[in-house]
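Values in this text are rule-based calculations from the coordinates and carry no lab data. Note that the structure is predicted; figures quoted are calculated from it, not measured. In this analysis, Cβ positions are derived from the backbone assuming ideal geometry, glycine residues included, and neighbour counts consider all displayed protein chains.
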Amino acid sequence: MNTLINFIQGNLNLITKALEAVGHKMEVIPDPSTVHFHLPGDLSVLVHREYDDFIRELISKFPHEEEGILKFYGTCWKIFNSLNSLELKSLEEPLYLFGQFFQKPLECLTLAYYLPQNAGDIARKFIKDQKLLSFIDAEVLCDRHFGGINYPVGGVGGIATSLADGLVHKGSEIRYKANVTNVILKNGKAVGVRLSNGKEFFAKTVISNATRWDTFGKLLKDKELPEEEKNFQKNYVKAPSFLSIHMGVKASVLPAGTDCHHFVLEDDWNNLEKPYGSIFLSIPTVLDPSLAPEGHHILHIFTTAGIEDWEGLSRKEYEQKKEVVANEIIRRLENKLFPGLKDSIVLKEVGSPKTHRRFLARNDGTYGPMPRGKPKGLLAMPFNTTSIDGLYCVGDSCFPGQGVIAVAFSGIMCAHRVAADIGIEQRSSALDAGLLGLLRWLRTLA
Ligand SMILES: Cc1cc2nc3c(=O)[nH]c(=O)nc-3n(C[C@H](O)[C@H](O)[C@H](O)COP(=O)(O)OP(=O)(O)OC[C@H]3O[C@@H](n4cnc5c(N)ncnc54)[C@H](O)[C@@H]3O)c2cc1C
């Protein structure tokens, strides 16, 4: 995972909130910019931390679209503020939903209006310039974080370590290297899990953080795929995986004032979503030099790549291919941003889609779900409940999708729904049945 992970302000600062809940707080460094885009036609756009500076910069590049830019980003701002003002809990829990509606009706109606819509369609209502629309599409790819990024001192790995530490401190037990091979069903209800070493664990509920493809395709492989999952697989495909390069380089290769996060697409907008087309780059040592030995920087570079490109190779061919593909990406960065990059490398490690599949246990190493056709808005995604009693799913193949803040939201939603189902939170069975039925029906329309 790269370093573009933030601690933001308001109710959406979910990482801070999760850490607070287990008694932890991390020291952070504010990043003065979010992403520096290097785009076709030598278009360079820096997404400043301050919203007004970013809007001013974008208008200076596209003065003929000033009105459209103000309207589109004004709408994004409205949606974000509505979301940020609500207490975020399960959207599958009607008592909470009604409570929020009575407290903040305007914000709820704003969200109800915009959530089923697609960001690209909203942009196209206000903006006509094709280049600017492509920039907005590239921004979506980049996990653009509203309100700026605050980088955790010591690296993003510290977030997981602090969270795990806090959970254990609160009395939880975490089993590492515990590979779940089956969800155990009894009379159609999920009652536990079986590990690859044969051990079994039983519980009132089972929550799967594996993707929905893995949960239903691997952990429940003996059961026929439920209708709702068929629908999900009909509407969403697995986004491709990634090729990652982690490098240590001599500090002298980076010009003074280099930003932390970059997005590079050199000559052709058509390559935006093609394998190896766009390059994402993060240099965390720009913000936190303590991460590398003095006089050095860390570069994390990644680009999309499909697993099919890496199958059927011998060990030697596989190693050679990693070298060839990585060298080409490094050559492109050398041409575009950092002359002399190749000669400055002191350490290099390359991970392929197979690495992602193996170490993250993700079907085909996928980045997550991607709408099969034209995106129908976020409400088309499944939430946390599943058609199997006692089984919940969480993570990036559930609403609201990919990204660390999004999956943290999914976790909070799931915890609330489970708490209601096991009687820790208030619930109404009649309202539950109505709302869950309505949501399922809405998804079938997607
Ligand atoms: C290269 C890269 C860069 C990214 N950069 C950013 C970024 O800058 N900002 C951002 O917000 N997001 C970023 N993301 C996306 C973000 O990392 C993901 O959306 C998020 O981590 C998904 O979380 P998850 O919990 O759904 O899945 P995962 O993070 O994949 O977690 C699932 C967990 O379940 C475990 N698991 C799976 N199957 C089993 C099993 N059978 N038994 C036991 N355990 C199992 C896995 O080992 C894993 O620990 C990036 C992703 C990639 C690949």
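Can you work out D for region 32-148 in µm² s⁻¹ from Stokes-Einstein, where Rh is the Kirkwood radius over C-alpha pairs, the temperature is 25 °C and the viscosity is 0.890 mPa s?
156 µm²/s
Once the Cα atoms of helix 157-169 and of the chain are each reduced to a long axis, what angle between those two axes, in degrees from 0 to 90 to the nearest 10, is obtained?
30 degrees
Pull up the cross-link candidates among the lysines for residue 128, meaning alpha carbon to alpha carbon under 20 Å and not fewer than 8 places away within one chain.
Cross-link targets: 61, 71, 374.
Please give me the summed charge of the neighbours of residue 175: other residues whose Cβ is under 14 Å from its Cβ, Lys and Arg +1, Asp and Glu -1.
Net charge in that neighbourhood comes out at +1.
Please list, or write none, the lysines whose alpha carbon is within less than 17 Å of the alpha carbon of residue 17, excluding same-chain residues fewer than 8 places away.
Straight-line reach from residue 17, under 17 Å: 25, 89, 170.
Got a sec? How would 134, 244, 429, 196 order by Cβ neighbour count within 10 Å, fewest to most?
So the residues, fewest neighbours to most, are 429, 196, 134, 244.
Write down Rg/Rh for region 241-363, rounded to two decimals, with Rg from the C-alpha atoms and Rh from the Kirkwood relation over Cα pairs.
0.97
Reachable lysines from residue 342, Cα under 29 Å, same-chain residues fewer than 8 places away excluded?
Partners within reach: 250, 274, 316, 321, 322, 354.
How far is helix 66-85 tilted, in degrees, relative to the longest principal axis of the Cα atoms in the chain, given as a value from 0 to 90 rounded to the nearest 10?
Approximately 40 degrees, to the nearest ten.
Once phi is turned into ³J(HN,Hα) by the Karplus curve 6.51 cos²θ - 1.76 cosθ + 1.60 with θ = phi - 60°, what whole-Hz value does each residue of region 37-42 show in order, with x for glycine and proline?
Calculated HN-Hα couplings, in order: 8, 10, 10, x, x, 6 Hz.
In what sequence do 259, 222, 267, 137 fall when counting other Cβ within 10 Å, fewest first?
222, 267, 137, 259
Please determine, in degrees from 0 to 90 and to the nearest 10, the orientation of helix 105-114 with respect to the longest principal axis defined by the Cα atoms of the chain, where the helix direction is its Cα long axis.
So the inclination is approximately 70 degrees.
Largest first and to the nearest Å, give the Cα extent of the chain along each principal axis.
Taking the Cα atoms of the chain, the three principal extents are 63, 55, 42 Å.
Could you go through region 89-98 in sequence order and give the Karplus-derived ³J(HN,Hα) for each residue, using 6.51 cos²θ - 1.76 cosθ + 1.60 with θ = phi - 60°, rounded to whole Hz, and x for Gly and Pro?
So the Karplus estimates, Gly and Pro as x, are 9, 6, 6, 9, 10, x, 4, 5, 4, 5 Hz.
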